[in-house]
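Here the structure is laid out as structure tokens; the discussion comes afterwards.
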Amino acid sequence: MHDQPDVDVAEQTKPIMVLDYHATKGAVDAFDQEVGYYTCARKTRRWPMRLFFFIIDAACLNAFVLWTIKITHSGKTTKDRHVWTNAVFFWLKSLTTSWRR
């Protein structure tokens, strides 16, 4: 494995691992940017809480992406996050009111 270097000769002899990283780092940057707009994270010194906030943020962004795909397949053309936030709010409100009864 380490006897032969995996180097791309065409692009200034960069290792394949570096080329892979540069090819996919845009998705991580886009994810961080989208999560940064609407995050639930709070300052904390405990790493399990930070991990919990990250999981919640990732789940919310994934839900928004799935909702956007569903909306576009149904023929509507909205990708407004406020519409999605209102839909989630009313859904949660209906759950809590039915739970209180």
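The values are calculated or read from the model by the stated rules, or taken from the named source; none is laboratory data. Keep in mind that what you see is a predicted model, and the values were worked out from it rather than measured. So basically every Cβ, Gly included, is an ideal-geometry build from the backbone, and we count neighbours across all protein chains shown.
Screening ALA10 against (1) modelled with pLDDT of 75 or more; (2) surrounded by fewer than 10 Cβ atoms within 10 Å (Cβ to Cβ) leaves a single unmet condition, (1).
Applying the criterion of being part of a loop (DSSP other than H, G, I, E, B) and over 20 Å from TYR38 (Cα atoms) to the residues of region 61-101, the residue that is modelled with the lowest pLDDT is ARG101. Return yes when THR44 is out of contact with any Phe, Trp or Tyr (no Cβ under 7 Å at 6 or more places or on another chain) and modelled with pLDDT under 80 and no when it is not. No: the conditions fail for THR44. Within region 13-69, being touching a residue at least 12 places away in the same chain (Cβ under 8 Å) and exposed (fewer than 11 other Cβ atoms within 10 Å of the Cβ) holds for one residue alone: TYR37.
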